Amino acid sequence: MKAIRWRGALLAVPLLLGGCSLFQGFTTNQEQRFSGLLERSGQAFVLRECGSQQVLAVQSTEALDALWQQTAQTGQTAIFIEMMARQGEALLPGEVLRMQSHGRGCADQSAAAAQWVALGYRPGWQATLDNQGLTRSEPDHRLPADSVMVEYLPDGSLNAASLPAQRVQLWLYPQACQEPVSGDYFHMRATLVVDGEQRSGCAYRGRQPTGQPPR
């Protein structure tokens, strides 16, 4: 397997990403990644973190409330969320990476060893990008990783093209994406191209450092 190759004119700045566990040693001014079950009672939110017994108060914001209204099913009082936030007396939400009524929630470890995760539901597919390359899976099988050339574009988009013939390409775009089948929300839009056939989907940042400059 060839090692993944990177190119781009911009400086690579690793992002500090965490997992589904309790974060230690951070300050109230530093954004961290939180995952868990977001529960709502009236206008109040709390987060039950993955892998922790902690229940954290979450400050209600216009953006968070709008995403809840957009994504939660009728009558739903809890939904899986992965977001950036600052901790004070209550978590102050930043960018929401994903909000899902469907899927495995905290048990889904797709992002643990990935830099990016892209997926679609009709037809069902998933692609993960890490330092080994691009790995694709479908409901009935998982394909070997393709070595890829990854390019980050000035507008924040990403292109990962398989080597040597670019038979497979994954495009990620910094645009909010609501998966049309599930209604789940993701902070990136995705297009997977295999032998010229395009599949649309959504994507979110994994927990491993990437070569993407902050935006």
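The values are calculated or read from the model by the stated rules, or taken from the named source; none is laboratory data. Owing to the predicted nature of the structure, the values given are computational and were not obtained by experimental measurement. No Cβ is skipped: glycine too gets one built from the backbone with ideal geometry, and neighbour counts run over all protein chains shown. For accessibility, only protein heavy atoms count, side chains too; no ligands or nucleic acids. Shrake-Rupley method; radii C 1.70, N 1.55, O 1.52, S 1.80 Å.
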Solvent exposure ordering (accessible area, 1.4 Å, most first) of 155, 140, 108: 140, 155, 108
Surrounding charge for residue 208, neighbours by C-beta under 12 angstrom, Lys/Arg +1, Asp/Glu -1, total +2
For the stretch 148-203, which whole-number percentage of the solvent-accessible area (1.4 Å probe, protein heavy atoms only) is attributable to carbon and sulfur atoms? 47 percent
